[in-house]
Amino acid sequence: MADEKWLEDVDLEDGATALEIRTYGEDKEIIAEGEHSSHFCVVLSGKVKVFRHGRQLAILGERDVFGLESCFLNRPSSVSVRSIDKTRIALYDREAIEFILYERPQMSKGVLLSLLDQLIQTRQAAGREEAGSKAENIDVRFYEDNEVIIEEGARDTDIFKLVSTEQGLVVSKDGREIGRITNPGEFFGEMASVLSKVRSATIISKGSSVVQVYSADNIQDMIEEHPEIAKRIIRTLAKRLSQATKEMTRLQKELETNTRTES
């Protein structure tokens, strides 16, 4: 069975065995909105629906992952999750993420794709759309003072890693500085690649900088060779998913308020 195949890849000796496998009947609560949890969940069989303030955001099926917001980001869940039909769920603790990222790249890919799909469904529920993409290969580039590394609005899909810099990389949006990248080893530009979006900001080298560049053609190779990128993307996607659910609720309230006012 598919659920058994998922679990047989992660045995007790690996340190990432499921804490527990639970079975839920039709329309049973699995996670409550506002609930804190130290584990995340994988759907082994059946389907679940994700809600926020009573509004359905997404439907998840076999091998989809949920609960990362509370477990991975250490915050209360912004959504509730209920079973649709008879559903089997595997529970994993936070440490399992580390093992999956570094030892089970195929599972890492599944986690990323599941989060992307949830983000897409949530944004579609709010009347917005996004799509997903990929990643691969490396080269090293040298930038001089004030040389542009990423340009706002560009459609390239490279992922970058800072190797060294004299004064940091200035991040600006609409001509205004909004941040600076200074730590060697820090990745940037990955979300535009994964989500197939135009660049949301310009990044310029201050002083001389050295950057590794990864082309975005094969996400599987990227995860296998650089699991820290997958970890960062998972964290970022979990945050985006949380923000998207809250933004959808805000927009819904504004719409309801405007409708009442017009009436």
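The values are calculated or read from the model by the stated rules, or taken from the named source; none is laboratory data. Here the structure is a predicted model, which means the values were calculated and not measured. Cβ sites come from the backbone with ideal geometry, for glycine too, and all protein chains shown count toward neighbours.
Of the numbered conditions (1) under 16 Å from the mean Cα position of the chain (by Cα); (2) farther than 30 Å from Glu256 by Cα; (3) of a type in the set (A, V, I, L, M, F, W, C), Val43 fails exactly one; give the number of that condition.
Here Val43 clears every test but (1).
Give me a count of the residues in the stretch 56-97 that are surrounded by fewer than 21 Cβ atoms within 10 Å (Cβ to Cβ) and within 22 Å of Thr17 (Cβ to Cβ).
Total meeting the criteria: 8.
Just the residues that are free of Cβ contacts under 8 Å to residues at least 40 places away in the same chain and part of a strand (DSSP E or B), please, taken from the stretch 49-72.
Of everything in the stretch 49-72, those that are free of Cβ contacts under 8 Å to residues at least 40 places away in the same chain and part of a strand (DSSP E or B) turn out to be Lys49, Phe51.
Return the total of residues in the stretch 163-194 being buried (at least 20 other Cβ atoms within 10 Å of the Cβ) and out of contact with any strand residue (DSSP E or B) (no Cβ under 6 Å at 6 or more places or on another chain).
2
Would you confirm whether any residue within the stretch 197-212 is more than 29 Å from Gln56 (Cβ to Cβ) and modelled with pLDDT under 75?
no
Yes or no: the stretch 37-46 includes at least one residue that is closer than 16 Å to Leu241 by Cβ, part of a loop (DSSP other than H, G, I, E, B) and assigned by TED's automatic domain parsing to the domain that holds Leu91.
The answer is yes, given that some residue of the stretch 37-46 is closer than 16 Å to Leu241 by Cβ, part of a loop (DSSP other than H, G, I, E, B) and assigned by TED's automatic domain parsing to the domain that holds Leu91.
Which residues, counting only those in the stretch 29-44, are farther than 19 Å from Leu112 by Cα and not hydrophobic (A, V, I, L, M, F, W, C)?
Across the stretch 29-44, the qualifying residues are Glu29, Glu33, Gly34, Glu35, His36, Ser37, Ser38.
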